[in-house]
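What follows is a set of notes on a single structure, which appears directly below.
The values are calculated or read from the model by the stated rules, or taken from the named source; none is laboratory data. Since the structure is predicted, the reported quantities are computational estimates derived from the model, not experimental observations. Here the Cβ is made from the backbone with ideal geometry for all residues, glycine too, and neighbour counts use every protein chain on show.
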Amino acid sequence: MSVVGWFPLAEFSYYYDILRSEKKVHVLYNFRDAGVSSGYLSRVGLGTSTESIGVSPSASIESISETSFAQETHDTAKADEQAIRSLQEQERMGVLNQDFQVLEQIWSEHFIVNSPRNQVAPNRSVVLDIFRQGLAHYTSFDRSIEHIRIDGDIAIVMGAETVQPTGNAPLAGERVHRRYTNFWKRDGETWRLIARHANNIIPD
């Protein structure tokens, strides 16, 4: 198991002494609700003793509260969701305005689409060719987000879209409703759209 986090060195100066001592350092922690692949740290610290957290002052441990970890996790999740919502809107506008430069930045090179045309476009180049041929050209494009799930470096967005194709696009002139799922993957400081499925809703 790998643990990534921070220690409040500015507030607890004795951590500096522990690190400068060049002695063997132990990371001591409590891990709650441990499952096969999940759980959370409730208390964590550095020390030169192997005693459990809080057992002895010699452990040189200062606990980081559950509230601090929970707040940090909440803030990260909120920031990720905001980033995904912003990119969803940028991508929608890029499609509507046929802004290929924006779309190339948002779509992964390996972007794959299972399209409403009942065909799979296996990468970004093929998808862009479809757009350049006018087969995905719209006079209007509305999109709603119904659910976002972020699992590590993957974000899944599900919802509905309404488009009005034009020109060479199938169903040109009609108002088309469809369901979609977008898959985003974290790439450094941003996210890239890596896969998409969309299907038209057939009226009853």
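Have a look at L87, L135 and point out the one that is outside any loop (DSSP other than H, G, I, E, B) and surrounded by 15 or more Cβ atoms within 10 Å (Cβ to Cβ).
Of L87, L135, the one residue that is outside any loop (DSSP other than H, G, I, E, B) and surrounded by 15 or more Cβ atoms within 10 Å (Cβ to Cβ) is L87.
Considering only segment 90-117, state which residues are more than 21 Å from G167 (Cβ to Cβ) and either touching a residue at least 12 places away in the same chain (Cβ under 8 Å) or touching an Asp or Glu at 6+ places or on another chain (Cβ under 9 Å) (or both).
Listed by number, the residues that qualify are Q90, E104, I106, W107, S108, E109, H110, F111, I112, N114.
Go over the candidates E189, E161 one by one and state the one that is closer than 25 Å to E109 by Cβ and over 17 Å from the mean Cα position of the chain (by Cα).
Step by step, each of E189, E161 is checked, and only E161 is closer than 25 Å to E109 by Cβ and over 17 Å from the mean Cα position of the chain (by Cα).
Residues A155, A195, A169: which one is outside any strand (DSSP E or B), assigned by TED's automatic domain parsing to the domain that holds E91, buried (at least 16 other Cβ atoms within 10 Å of the Cβ) and among the aliphatic types (A, V, I, L, M)?
Every option except A169 fails the conditions.
Of all residues being assigned to a helix (DSSP H, G or I) and crowded, with 18+ Cβ neighbours inside 10 Å in segment 112-129, which is farthest from the chain's Cα centre (by Cα)? Just the residue, please.
V127
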